[in-house]
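Structure, as structure tokens:
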Amino acid sequence: MHSIDRFIVPAIAPLANPELEQRLQQQIDNKTKPPGSLGKLERLAIRLGLILQSTTPRIDQPQVLVFAADHGLVEEGVSAFPAEVTPQMVHNFLQGGAAINVFARQHRLALHVVDAGVNADFAPHPQLIERKVRRGTRNALHQPAMTPDECRQALHAGMALVRALPGNLLLVGEMGIGNTSAASLLLARLGALPVADCTGRGTGLDDHGLSHKTQVLQAVLARHATAQSPLAALAALGGLEIAMMAGALMQAASERRILLMDGFIAGVALLVADQLAPGTRDYAVFGHASAEPGHRHLLRLLDAEPLLDLDLRLGEGSGAALAFPLLPSACAVMEEMASFNDAGISGARS
């Protein structure tokens, strides 16, 4: 571990292991198929083997954490939906009615909702984890969204949550009206990109709404021009759920868990995590390419290869959950598919 501005950053072991990678490649090349014919699934199998340090990787007790928080910047009209939708959707998650609930049940993924900073109080629930730092961020157009201490508290809370979880795969999702704005701001600042390229319609803004949102975000970036480091940018521009996700992702990578990534907001949390703890992104599998325009830039920035492209822009972890079945399939190929020798089949001519 090392410290950045009194934040203790977990150590991330290098993923590169040329000897193991060669063994995995030889193993998959010797399966009863033309070399490379399973396409992305083969590359996925090798990555899972490297993350789990095994030639027969297996997914164990996969966990879904959906982080929820409110955003003060919503006061500036950057979202098509009002802020009260955030707690309403948390109730929907806890009642099992959201898309992520459907997919988690279908694929038997353990799911918990984390209150990172919702502007509401909730009754105790077996699937609710209360880690509220404050009741939403401040309006970043006028002041930093979080104090440095609040930002560190959110990061540490995310790390502690993962330390308490079983399993070797973490899927993070989010809910927070206004969080595409926070994600766009962070991508623009940390990725050195024009904010207009990072800004999309979020929950469904029309052309006028998108133009207004972009203008507001440009003003926010100008207001916090000195917040350049990852930690300073996260505090000034980010969301409590993004900070807590970033902490969770860093911790999971430090424990050599698979990070099954969702779309734009979760991806920006990974960008933050990787800049705070370099190497975090090496443990990521990217579930899908979001319809949010900023996500395409983010995927290029992270040199990521998404498994699916379904024009999704829901969040919640829904795209990652849809991609999840591909991971046990890739593991099964490594463990169960016959080799040419096993099946008595002639391999390709040299």
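Where a number appears in this text, it was derived from the coordinates with a stated rule and is not lab data. Remember, predicted model here, so these are calculated numbers, not experimental data. Note that each Cβ is placed from the backbone with ideal geometry, even for glycine, and that neighbours are counted across all protein chains shown.
Quick notes
- Computing FRET efficiency as 1/(1 + (r/R0)^6) for Q218 and N30, where r is the C-beta to C-beta distance and R0 is 45 Å, gives about 0.25.
- Rotationally averaged projected area of the stretch 61-131 (alpha carbon convex hull; nm²): 5.2 nm²
- If you model the chain as an ellipsoid using its alpha carbon gyration tensor, with each semi-axis the square root of five times an eigenvalue, the axes come out at 36, 20, 19 Å, biggest first.
- Normalising the average separation of contacting C-alpha pairs (under 8 angstrom, six or more residues apart) by the number of residues puts the relative contact order of the stretch 122-254 at 45 percent.
- Calculated [θ] (222 nm, deg cm²/dmol) that DSSP helices of n ≥ 4 give over the chain, each run adding -39,500 (n - 2.57): -13500 deg cm²/dmol
- When each of the peptides 283-296, 49-62 is scored by how many other beta carbons lie within 10 Å of its residues on average, the order from highest to lowest is 283-296, 49-62.
- Antiparallel beta bridges, as assigned by DSSP with both residues in the chain, represent about 15 percent of the total such bridges.
- Peptides 234-240, 97-103, 16-22 ranked from most to least packed by the mean count of surrounding Cβ atoms within 10 Å: 234-240, 97-103, 16-22.
- The Cα-based radius of gyration of the stretch 201-350, divided by its Kirkwood radius, gives an Rg/Rh of 1.11.
- Listed residue (Q218, A104, L15) projecting farthest to the positive dipole end of the chain, Cβ model: L15
- Normalising the average separation of contacting C-alpha pairs (under 8 angstrom, six or more residues apart) by the number of residues puts the relative contact order of the chain at 24 percent.
- Once the C-beta distance of T226 and V102 is scaled by a Förster radius of 25 Å, the resulting FRET efficiency is 0.05 to the nearest 0.05.
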